[in-house]
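Q: The following block contains the structure, expressed as structure tokens.
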Amino acid sequence: MRSLTPVTIELDAIRSRIADAARAASRDPATIDLVAISKQQPETNVEAVLRAGHRHFGENRVQEAMARWSAFKPQFPDARLRLVGPLQSNKAREAVAFFDAIDSLDRPKLAAAIAEAAQKEGACPDILIQVNTGEEAQKAGVAPADADAFIAEARTTYGLPVKGLMCIPPVAEEPAMHFALLAKIAARNGLSELSMGMSGDFEIAIRFGATMVRVGSALFGTRT
């Protein structure tokens, strides 16, 4: 029997909320992935979620993820890791070798670095392009007006396997308009993956077509 801890109880609750939101939007709950954002979390919490059967995780920093998951991967080889935070070009080789997906591509220099690293590694993670839907100066992401051109450049010039888009709406704004914008950009570029929605707004994101929701604090509690 699976042991119940505060974290696994929250995991079950969040899965139920995702399913309810999907059904309310006339969607199949199986089409929405929960990405557990494990950055800066105690390893006991992460291990509890792993032992509960969850396998899809997001990390913010390359070095932190490598330190944590190099220990967990031998025990849970089917765990799938996404890099959801900004990536420096000089860390591209490590990220390409270690992660199953990089969700924060946002500039040509990084696209070139990922492409070069993938050629050396002989494989490339799935790629999501981050769109700065709120055009916030302090936030990473390509501007919405430049998204179409950059998506084409990432695909053709750099040959990257771009699967979809990711966004983080401004904290002080209604997220629905940002989710709708991201979905519109994805649709016109033939992209099927939408990573949008976090602990406070993932149910809204599901209504607007999210295929991945990134949940950290609602699952694990406040980061340490």
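The values are calculated or read from the model by the stated rules, or taken from the named source; none is laboratory data. Nothing here was measured: the structure is a model prediction, and the numbers come from that model. Because the Cβ atoms are built from the backbone with ideal geometry, glycine has one as well, and the counts that use them run over all protein chains shown.
Q: If we keep just the residues of the stretch 3-19 that are outside any helix (DSSP H, G or I) and hydroxyl-bearing (Ser, Thr, Tyr), which is farthest from the chain's Cα centre (by Cα)?
A: In the first step, residues of the stretch 3-19 are kept if they are outside any helix (DSSP H, G or I); the result is 3-5.
Remaining after also requiring hydroxyl-bearing (Ser, Thr, Tyr): 3, 5.
Values: SER3: 28, THR5: 25 Å.
Here the answer is SER3.
Q: Can you tell me which residue in the stretch 140-161 is modelled with the lowest pLDDT, limited to those that are part of a loop (DSSP other than H, G, I, E, B) and under 23 Å from ARG93 (Cα atoms)? Explain how you work it out, then say what you get.
A: Of the stretch 140-161, the ones part of a loop (DSSP other than H, G, I, E, B) are 140-141, 143, 157-161.
Among the residues that remain, those that are also under 23 Å from ARG93 (Cα atoms) are: 140-141, 157-161.
Working: ALA140: 94, GLY141: 97, THR157: 98, TYR158: 98, GLY159: 98, LEU160: 98, PRO161: 98.
Per the stated criteria, the residue is ALA140.
Q: Among the residues of the stretch 12-64 satisfying the criterion of being among the aliphatic types (A, V, I, L, M) and free of Cβ contacts under 8 Å to residues at least 24 places away in the same chain, which is surrounded by the most Cβ atoms within 10 Å (Cβ to Cβ)? Steps first, answer last, please.
A: First, pick out the residues of the stretch 12-64 that are among the aliphatic types (A, V, I, L, M): 13-14, 18-19, 21-22, 24-25, 30, 32, 34-37, 46, 48-50, 52, 62.
Filter again for free of Cβ contacts under 8 Å to residues at least 24 places away in the same chain, leaving 13, 19, 30.
Numbers: ALA13: 12, ALA19: 16, ALA30: 8.
Among them, the one singled out is ALA19.
Q: OK, next. Counting just the residues of the stretch 151-167 that are in contact (Cβ under 8 Å) with a residue 40 or more places away in the chain and β-branched (Val, Ile, Thr), which one comes out surrounded by the fewest Cβ atoms within 10 Å (Cβ to Cβ)?
A: Restricting to residues being in contact (Cβ under 8 Å) with a residue 40 or more places away in the chain and β-branched (Val, Ile, Thr), the top hit is THR157.
Q: Name the single residue, out of those in the stretch 1-11 being exposed (fewer than 13 other Cβ atoms within 10 Å of the Cβ), under 17 Å from ALA218 (Cα atoms) and of a type in the set (A, V, I, L, M, F, W, C), that is modelled with the highest pLDDT. Let's see the steps before the verdict.
A: Looking only at the stretch 1-11, we keep the residues that are exposed (fewer than 13 other Cβ atoms within 10 Å of the Cβ), and these are 1-4, 6, 9.
The next check asks that each one be under 17 Å from ALA218 (Cα atoms); those that pass are 4, 6, 9.
Those still in the list that are of a type in the set (A, V, I, L, M, F, W, C) too: 4, 9.
Numbers: LEU4: 71, ILE9: 91.
Selected residue: ILE9.
Q: Sticking with this structure for a sec: Pick from LEU181, LEU219: which is touching a residue at least 40 places away in the same chain (Cβ under 8 Å), more than 19 Å from ASN132 (Cα to Cα) and of a type in the set (A, V, I, L, M)?
A: Working: LEU181 fails: more than 19 Å from ASN132 (Cα to Cα).
Result of the check over LEU181, LEU219: LEU219.
Q: Something else now. Could you check the stretch 65-92 and list, in sequence order, the residues that are of a type in the set (Gly, Ala, Ser) and over 14 Å from ALA140 (Cβ atoms)? Steps first, please.
A: Taking the stretch 65-92 first, the residues of a type in the set (Gly, Ala, Ser) are 65, 67, 70-71, 79, 85, 89, 92.
Across the stretch 65-92, the qualifying residues are ALA65, ALA67, SER70, ALA71, ALA79, ALA92.
Q: I need the full set of residues from the stretch 168-224 which are hydroxyl-bearing (Ser, Thr, Tyr) and surrounded by fewer than 16 Cβ atoms within 10 Å (Cβ to Cβ), in order please. Don't jump to the end; show me each part of the working.
A: Of the residues in the stretch 168-224, the ones hydroxyl-bearing (Ser, Thr, Tyr) are 192, 195, 199, 211, 217, 222, 224.
Scanning the stretch 168-224 gives SER192, SER199, SER217, THR222, THR224.
Q: Further question: When the stretch 75-116 is examined, which residues are found to be of a type outside the set (D, E, K, R), within 17 Å of LEU194 (Cα to Cα) and surrounded by fewer than 21 Cβ atoms within 10 Å (Cβ to Cβ)? Spell out how you get there, then give the answer.
A: Quick first cut of the stretch 75-116, residues of a type outside the set (D, E, K, R) only: 75-77, 79, 81, 83-90, 92, 95-99, 101-102, 104-105, 108, 110-115.
Still in the running and within 17 Å of LEU194 (Cα to Cα): 81, 83-85, 101-102, 104-105.
The one that is of a type outside the set (D, E, K, R), within 17 Å of LEU194 (Cα to Cα) and surrounded by fewer than 21 Cβ atoms within 10 Å (Cβ to Cβ): GLY85.
Q: Still on this model: When only residues in the stretch 117-138 that are closer than 22 Å to THR211 by Cβ and either of a type in the set (Lys, Arg) or touching a strand residue (DSSP E or B) at 6+ places or on another chain (Cβ under 6 Å) (or both) count, which is surrounded by the most Cβ atoms within 10 Å (Cβ to Cβ)? So that I can check it myself, show each step before the final result.
A: To start, the set of residues in the stretch 117-138 that are closer than 22 Å to THR211 by Cβ comprises 124-134.
Now narrow it down to the ones that are either of a type in the set (Lys, Arg) or touching a strand residue (DSSP E or B) at 6+ places or on another chain (Cβ under 6 Å) (or both): 125-131.
Working: PRO125: 24, ASP126: 17, ILE127: 23, LEU128: 26, ILE129: 29, GLN130: 26, VAL131: 27.
Taking the candidates together, the pick is ILE129.
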